[in-house]
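Reviewing the structure listed below.
The values are calculated or read from the model by the stated rules, or taken from the named source; none is laboratory data. The model shown is predicted, which means the values in this text are computed figures rather than measured ones. Virtual Cβ from ideal backbone geometry, glycine too; neighbours counted across all protein chains shown. What goes into the accessible areas is simple: the full protein's heavy atoms, side chains included, and nothing from ligands, DNA or RNA. Shrake-Rupley method; radii C 1.70, N 1.55, O 1.52, S 1.80 Å.
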Amino acid sequence: MRNEISQKTASEYEYKATAAGRVNIIGEHVDYCGGKVFPAALSLKNTVYVRKNGTNTVNVRWTTLDKTVALDIDRLDEYRSLDYGNYIAGSLAMWKKAGHPIIGCDMLHDCTVPFGSGLSSSAAIEVSTIAAMCAVTDTPVDNVKIALEAQRAEREYIGVNCGIMDQYASACGKAGQAMLLDCSTLGVEYVPIDTGDHTLVIIDCKKPHSLVESKYNERRVETETALRILKPVTGINELAELDGETLEKHKALLSPVVYKRAKHVVDECVRVNKAADAMKRGDMVALGKLLNESHRSLAELYEVTGRELDALAAAAQSHPACAGSRMTGGGFGGSTVSLVKTDGLDAFKAHVLSEYKKATGYAAEIYEASIADGITVEKA
Ligand code: GLA
């Protein structure tokens with residue numbers, strides 16, 4: 001249960017810093033291969049209320065938990081196995097390592113990104129924690145720098161060898177816009193999300209997660225293997241630079257599994273550019289088809305979907321109002337994103353919930369969210 005924050009409680013703090021959850025429209029499992037991704041920040045977010053406390057301790061409380069965790073700012077490296085607070089300690093540890101000031105303060109965290117939903121609650125927590133520390137130390141907020149240190153926390157402190165997509169979207173998102181982010185250069189083009197008579201719908205398959213981190217890291221190793229083998233014969237520096245023809249030419253060098261992973265990356269990179277073009281010209285039919293193709297590739301070539309996400313995407317794709325549907329995020333559970341004709345939305349939702357329940361026994365959850373800003377900082 002989440003306790004709402006009263007005006008009175010909020011006014012006991014100096015600042016309120018927020019960072020967003022994200023939905024990835026397309027471009028899955030290509031960020032760590034130097035590819036382009038197409039995410040957007042969500043109105044589901046983590047908010048940190050913060051005030052200096054004049055000590056060497058960061059005291060953390062949550063609106064969802066009845067406990068306080070005390071983090072010694074001189075021992076931030078020591079909280080890796082802390083159930084609650086490890087993401088916060090990790091972000092502060094990396095921010096400190098990068099040479100930024102850390103001071104004792106009280107933080108109240110209020111997260112509306114559902115945990116395990118595949119919508120990057122962890123990035124929202126990491127990014128907003130650093131933004132809150134910037135606020136109390138009068139450090140100018142540099143969104144990209146914060147995203148990079150938050151990513152480092154996830155990789156070096158939490159142990160998930162993630163790409164930059166989640167933290168970047170969480171920090172740098174803009175209301176009403178998707179980001180066409182080149183993960184190799186961090187160059188970004190903001191593209192208005194103009195879906196015309198269609199609506200983006202996010203649905204959580206509600207499957208309890210398991211082994212997500214180890215499977216994620218395993219996929220990374222497989223793509224690194226592909227790069228290691230193909231680099232000397234093709235001259236590429238990142239897997240996303242590979243084109244389909246060259247991959248086919250050197251297919252025999254790769255094991256069947258590594259070939260499948262590489263093929264997903266190559267095809268998905270092509271789809272991202274096509275999807276951004278479709279969004280720009282308002283072609284929802286084309287965009288929807290690309291979503292369907294992406295899901296299929298993630299299921300068959302990259303093998304990160306699983307029974308539940310496949311059933312959820314299939315239920316969505318089988319409804320006439322749906323232009324396309326795919327899993328979003330890391331996979332192995334979490335959510336789908338679907339492009340649905342707005343006038344058929346209610347029928348679509350009812351259909352998906354009932355078909356999915358029939359297929360898996362789980363009750364899926366539909367989230368109401370809009371496309372919102374990344375980091376915000378204001379007086380509490
Ligand atoms: C997770 C990671 C991201 C990205 C996606 C898959 O969300 O944190 O970096 O790799 O999976 O696209």
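General remarks:
- Matching option when the condition is touching a strand residue (DSSP E or B) at 6+ places or on another chain (Cβ under 8 Å), open to solvent by 20 Å² or more (accessible area, probe 1.4 Å) and either away from the ligand (no atom under 14 Å from the Cβ) or among the small types (Gly, Ala, Ser) (or both), among Thr112, Thr185, Thr137: Thr112
- Subset of the range 227-252 [surrounded by fewer than 15 Cβ atoms within 10 Å (Cβ to Cβ) and part of a helix (DSSP H, G or I)]: Arg228, Pro232, Val233, Gly244, Glu245, Glu248, Lys249, Lys251, Ala252
- Any hit, the range 123-131, residues being modelled with pLDDT of 95 or more, away from the ligand (no atom under 11 Å from the Cβ) and closer than 29 Å to Lys280 by Cβ: yes
- Among the residues examined, Thr199 qualifies as farther than 21 Å from Ala123 by Cα, of a type in the set (Val, Ile, Thr) and within 21 Å of the chain's Cα centre (by Cα).
- Evaluation of Ser117 against (1) touching a strand residue (DSSP E or B) at 6+ places or on another chain (Cβ under 9 Å); (2) on the phi < 0 side of the Ramachandran plot; (3) surrounded by 21 or more Cβ atoms within 10 Å (Cβ to Cβ); (4) at pLDDT 95 or above (one fails), failing number: (4)
- In the range 298-324, residue surrounded by the most Cβ atoms within 10 Å (Cβ to Cβ) [restricted to those that are more than 24 Å from Ala347 (Cα to Cα) and acidic (Asp, Glu)]: Glu303
- Which listed residue is under 27 Å from Pro114 (Cβ atoms) and not assigned by TED's automatic domain parsing to the domain that holds Ser117, from Gly324, Gly282: Gly324
- Subset of the range 217-226 [open to solvent by less than 40 Å² (accessible area, probe 1.4 Å) and more than 19 Å from Val37 (Cα to Cα)]: Glu222, Thr225, Ala226
- Considering residues of the range 171-182 that are outside any loop (DSSP other than H, G, I, E, B) and within 25 Å of Gly282 (Cα to Cα) only, the residue nearest to the ligand (Cβ to nearest atom): Leu181
- Matching option when the condition is part of a loop (DSSP other than H, G, I, E, B), assigned by TED's automatic domain parsing to the domain that holds Thr185 and within 16 Å of the ligand (Cβ to nearest atom), among Gly90, Gly99, Gly163: Gly163
- Filtered residues of the range 148-160 (kept if within 11 Å of the ligand (Cβ to nearest atom) and part of a helix (DSSP H, G or I)): Ala150, Gln151, Glu154, Arg155, Ile158
Here's the yes/no breakdown for (1) assigned by TED's automatic domain parsing to the domain that holds Lys358; (2) within 21 Å of Ala41 (Cα to Cα); (3) at pLDDT 95 or above; (4) within 16 Å of the ligand (Cβ to nearest atom):
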| position | (1), (2), (3), (4) |
| --- | --- |
| Val272 | yes, yes, yes, yes |
| Gly288 | yes, yes, yes, no |
| Ser294 | yes, yes, yes, yes |
| Gln317 | yes, no, yes, no |
| Thr328 | yes, yes, yes, yes |
| Leu339 | yes, yes, yes, no |
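- Verdict on Ala313 being assigned by TED's automatic domain parsing to the domain that holds Glu213 and out of contact with any helix residue (DSSP H, G or I) (no Cβ under 7 Å at 6 or more places or on another chain): no
- Selection count, the range 80-90, where residues are more than 17 Å from Trp62 (Cα to Cα) and hydroxyl-bearing (Ser, Thr, Tyr): 1
- Asp77 vs. criteria open to solvent by 60 Å² or more (accessible area, probe 1.4 Å), part of a loop (DSSP other than H, G, I, E, B) and among the charged types (D, E, K, R): no
- Every residue from the range 332-369 that is under 15 Å from the mean Cα position of the chain (by Cα), under 17 Å from Thr112 (Cα atoms) and part of a loop (DSSP other than H, G, I, E, B): Gly334, Ala369
- Enumeration of residues in the range 53-70 that are part of a loop (DSSP other than H, G, I, E, B) and in contact (Cβ under 8 Å) with a residue 12 or more places away in the chain: Asn53, Gly54, Thr55, Asn56, Thr63, Thr64, Leu65, Lys67
- Subset of the range 22-54 that is of a type in the set (Gly, Ala, Ser) and within 11 Å of the ligand (Cβ to nearest atom) - its residue that is surrounded by the most Cβ atoms within 10 Å (Cβ to Cβ): Gly35
- All positions within the range 87-104 that are surrounded by fewer than 24 Cβ atoms within 10 Å (Cβ to Cβ) and of a type in the set (Gly, Ala, Ser): Ala98, Gly99, Gly104
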